[in-house]
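Colleague: Pasting a structure below so you can have a look.
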Amino acid sequence: MTSANTVHYVYCHFRNDNNTVFYVGKGQKRRAYSKQRRNPYWYNIVNKAKGFKVEIVAGNLTEKEALNYERVLISSLKEQYPD
């Protein structure tokens, strides 16, 4: 595996007001810190929470590994905190 293939990571966004996870994503470069190209749900939460914090939870992954990690993490959080 070359380093060009392992440039992905998985991240969580936490609400500033109560420190709970509201978004899990995969990205490259500075995606986790970007406010661009987000959905209306994301903007609504960030506005209500007065901002967000970022935590990179896994790095140095291939895109496939990042997608799988993201899927498992989302599933785990849904089980832990059902609506």
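The values are calculated or read from the model by the stated rules, or taken from the named source; none is laboratory data. All figures in this text were calculated on a predicted structure; none of them were measured in a lab. Here the Cβ positions follow ideal geometry from the backbone for every residue, glycine too, while neighbour counts run over all protein chains shown. Ligands, DNA and RNA are excluded from the accessible area calculation, which covers all protein heavy atoms including side chains. Shrake-Rupley method; radii C 1.70, N 1.55, O 1.52, S 1.80 Å.
Colleague: May I ask you to give the average projected area over all directions of the convex hull of the Cα atoms of the chain, in nm² rounded to one decimal?
Modeller: On the way: hull surface 22.6 nm².
Taking the Cα atoms of the chain, their convex hull projects to 5.6 nm² on average.
Colleague: Follow-up question, since we're still on this one. Any chance you could look up the accessible area of residue 63 with a 1.4 Å probe, heavy atoms only, rounded to 10 Å²?
Modeller: For residue 63, the solvent-accessible surface is approximately 90 Å².
Colleague: Using r as the Cβ-Cβ distance of residue 67 and residue 30, and R0 as 22 Å, what FRET efficiency do you calculate, to the nearest 0.05? Show your work: numbers first, answer last.
Modeller: Values: r = 19 Å, r/R0 = 0.87.
Between residue 67 and residue 30 the formula returns 0.70.
Colleague: Would you work out which of 21, 32, 75 lies farthest towards the positive end of the dipole of the chain, given +1 charges on the beta-carbon of Lys and Arg and -1 on that of Asp and Glu, about the Cα centre?
Modeller: Positive-end residue among those listed: 32.
Colleague: Shifting gears a bit: Can you give me the accessible area per residue for the chain, using a 1.4 Å probe, in Å²? Could you put the intermediate results ahead of the total?
Modeller: Details: 5860 Å² over 83 residues.
The answer is 71 Å² per residue.
Colleague: Quick one: dipole size for the stretch 1-70, taken about the Cα centre, charges +1 on Lys/Arg Cβ and -1 on Asp/Glu Cβ, in debye to the nearest 20.
Modeller: Values: 12 positive and 5 negative charges, 78 e Å.
Dipole of the stretch 1-70, to the nearest 20 debye: 380 debye.
Colleague: Hey, what angle do you get for helix 63-80 against the long axis of the chain, alpha-carbon based, 0 to 90 degrees rounded to 10?
Modeller: Between helix and principal axis, roughly 30 degrees.
Colleague: I want the local charge near residue 18. Using Cβ-Cβ distances under 13 Å, sum +1 for each Lys or Arg and -1 for each Asp or Glu among the other residues.
Modeller: Details: positive: 15, 48, 50, 53; negative: 17.
That sum, taken over residues with Cβ under 13 Å, equals +3.
Colleague: What percent do you get for the relative contact order of the chain when only Cα pairs under 8 Å and 6+ apart count? Mind showing how you got there, number by number?
Modeller: Details: 116 pairs, mean separation 33.7, N = 83.
Dividing the mean separation by the residue count of the chain yields 41 percent.
Colleague: Any chance you could give the angle, 0 to 90 degrees and rounded to 10, that helix 40-49 forms with the longest Cα principal axis of the chain?
Modeller: Approximately 60 degrees, to the nearest ten.
Colleague: Still on this structure, I have one more. Considering only protein heavy atoms and a probe of 1.4 Å, how much of the accessible area of the chain is carbon and sulfur, as a whole percent? Present the calculation step by step, with values, prior to reporting the outcome.
Modeller: Numbers: 2940 of 5860 Å².
Using a 1.4 Å probe with all protein chains present, the chain comes out at 50 percent carbon and sulfur.
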